[in-house]
1. Got at least one residue in the stretch 246-262 being among the small types (Gly, Ala, Ser), part of a strand (DSSP E or B), more than 30 Å from Ser211 (Cβ to Cβ) and assigned by TED's automatic domain parsing to the domain that holds Glu220?
2. If a residue must be surrounded by 12 or more Cβ atoms within 10 Å (Cβ to Cβ) and either among the acidic types (Asp, Glu) or over 12 Å from Gly111 (Cα atoms) (or both), how many such residues does the stretch 147-170 contain?
3. Which residue, of Val382, Val341, Val387, is under 30 Å from Gly231 (Cβ atoms), surrounded by 13 or more Cβ atoms within 10 Å (Cβ to Cβ) and hydrophobic (A, V, I, L, M, F, W, C)?
4. State whether the residues of the stretch 259-271 include one that is β-branched (Val, Ile, Thr) and surrounded by 12 or more Cβ atoms within 10 Å (Cβ to Cβ).
5. Tell me the residue from Glu326, Glu354, Glu383 that is modelled with pLDDT under 90 and part of a strand (DSSP E or B), please.
6. In the stretch 188-225, which residue that is acidic (Asp, Glu) and modelled with pLDDT of 90 or more is surrounded by the fewest Cβ atoms within 10 Å (Cβ to Cβ)?
7. From Glu144, Glu128, which residue is surrounded by 14 or more Cβ atoms within 10 Å (Cβ to Cβ), in contact with a helix residue (DSSP H, G or I) (Cβ under 6 Å, 6 or more places away or on another chain) and not assigned by TED's automatic domain parsing to the domain that holds Ile314?
Amino acid sequence: MKNQWVDFLFGKVTVKVSGKGIERFLNNLTRHGLHIWHVKRHGSETITFIMRLQDALKIRLYARSHECSISFLRRSGMPFLVKRLLKNSGFMVGGILFLFVILILSNVIWGIEIKGAKPATEYQIRKELDKLDVKIGKLQLFVENVEGIQRKLTNNIGSLTWVGVELKGTTYHLQVVEKKDPKKPEQLEPQNLVAKKKAIIANMYVKTGQSVVEINDHVEKGQLLVSGVIGREGQTKEVAATGEVWGEIWFTSHVEQPLITNFKVFNGKEKQKHSLFLGKIEIPIWGFGEPEFTEYESEKNVRKIHFLKWELPISYSNETLRAREEMERIYTEKEAIQRAVELAKKDIKSKVDEDAIIKDDKILHQEIKNGKVILDIHFKIVENIAVGKPIPKETLE
């Protein structure tokens, strides 16, 4: 099998030899290292055999010393195939160009479909897609991947709750979920407002209901703040108590801040690497070798190549290597204390309502130990502590 492939690669020729002394001629060929095979006799003075093309070029030199005539019956193998292809190179080049054009057109954006969006929102989406270079006629290989498009549309268009982006063949399909208009306030059942945590009343704004506490009163969790029972004795009615009752609450936070911190930053250097993947085999086409920098972060974008509606086992990869370096920051004691307070405030805000206000903070304990500033901080927070609670049945009776 191996010899057949070698013979095909270098070419082989079927030779016809006629005349007297054929046997001596064949013996002379083999003595000089010319390989022949498939020798067949046709009558007493004619034989045919196969030999390599490189040996066939020398055979006439040996035929001159014998009374033999030589003719070549058939030629086969790679050299003759290439020769025929070159002879018909116009057809070959045309066929290659045709396949190349089809391949390119199969990887161009030919459609963008948007579903679930109002006309105004669809107009915004198409404008944003233009900024991202997602346009009809643009080559898919040079457009951001589906996840990146989806993320940027969601971040840049405020009216979107969610957008799904899917690439099918040469068309991008976008499924949109818009933010809904605020619902009308629902009709509340009769209720009281009670304290959701222990606090000192700082401010009040009662829309409906009867306040039963005053500013500076100390209240416990679950204590009644605004009653939903209004009117004079004997002429009362039940309503849904609504409003805001702002209370002062307290937190103590323990925080530690190192005086020396290490962090990594990008320094602006980067390297682009472009490759083709044939299955799992990577073939670099640009950006060879390792980057000059040792510390870096890699971001790889892989795009599938399509031919008409079929996905080929070929992918184009664009990898960006961004250099980063480790930085050391040294805080003074004052800076470390300020940083620790900021971290403590961030932690406190994660534990209270969004509209809560930090009224005051006071450092209760401060020390430097093992290269760290250690603080215990007391915070005063003003927060709406009122929550609705259905009026007890015994009150209604």
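The values are calculated or read from the model by the stated rules, or taken from the named source; none is laboratory data. Just so you know, these numbers come straight off a predicted model, no measurement behind them. Cβ atoms come from the backbone with ideal geometry, glycine included; neighbour counts cover every protein chain shown.
1. Within the stretch 246-262, the subset among the small types (Gly, Ala, Ser) is 247, 253.
Pick out the ones that are also part of a strand (DSSP E or B) and you get 247, 253.
Okay, now just the ones that are also more than 30 Å from Ser211 (Cβ to Cβ), so 253.
Still in the list and also assigned by TED's automatic domain parsing to the domain that holds Glu220: 253.
Yes, the conditions are met somewhere in the stretch 246-262.
2. The initial filter retains those residues of the stretch 147-170 that are surrounded by 12 or more Cβ atoms within 10 Å (Cβ to Cβ), namely 148-154, 156-157, 159-160, 162-167, 169-170.
This time we only want the ones that are either among the acidic types (Asp, Glu) or over 12 Å from Gly111 (Cα atoms) (or both), so: 148-154, 156-157, 159-160, 162-166.
Final tally of qualifying residues: 16.
3. Result of the check over Val382, Val341, Val387: Val387.
4. Taking every residue of the stretch 259-271 in turn, at least one turns out to be β-branched (Val, Ile, Thr) and surrounded by 12 or more Cβ atoms within 10 Å (Cβ to Cβ).
5. From the options Glu326, Glu354, Glu383, the qualifying one is Glu326.
6. Among those residues, the one meeting the criterion is Glu214.
7. Numbers: Glu144 fails: in contact with a helix residue (DSSP H, G or I) (Cβ under 6 Å, 6 or more places away or on another chain).
When all the criteria are applied, what remains is Glu128.
Rundown of residues vs (1) of a type outside the set (A, V, I, L, M); (2) more than 30 Å from Lys135 (Cα to Cα); (3) touching a strand residue (DSSP E or B) at 6+ places or on another chain (Cβ under 6 Å), yes/no style:
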{"position": "Gly21", "(1), (2), (3)": "yes, yes, no"}
{"position": "Leu73", "(1), (2), (3)": "no, yes, yes"}
{"position": "Gly90", "(1), (2), (3)": "yes, yes, no"}
{"position": "Phe100", "(1), (2), (3)": "yes, no, no"}
{"position": "Ile104", "(1), (2), (3)": "no, no, no"}
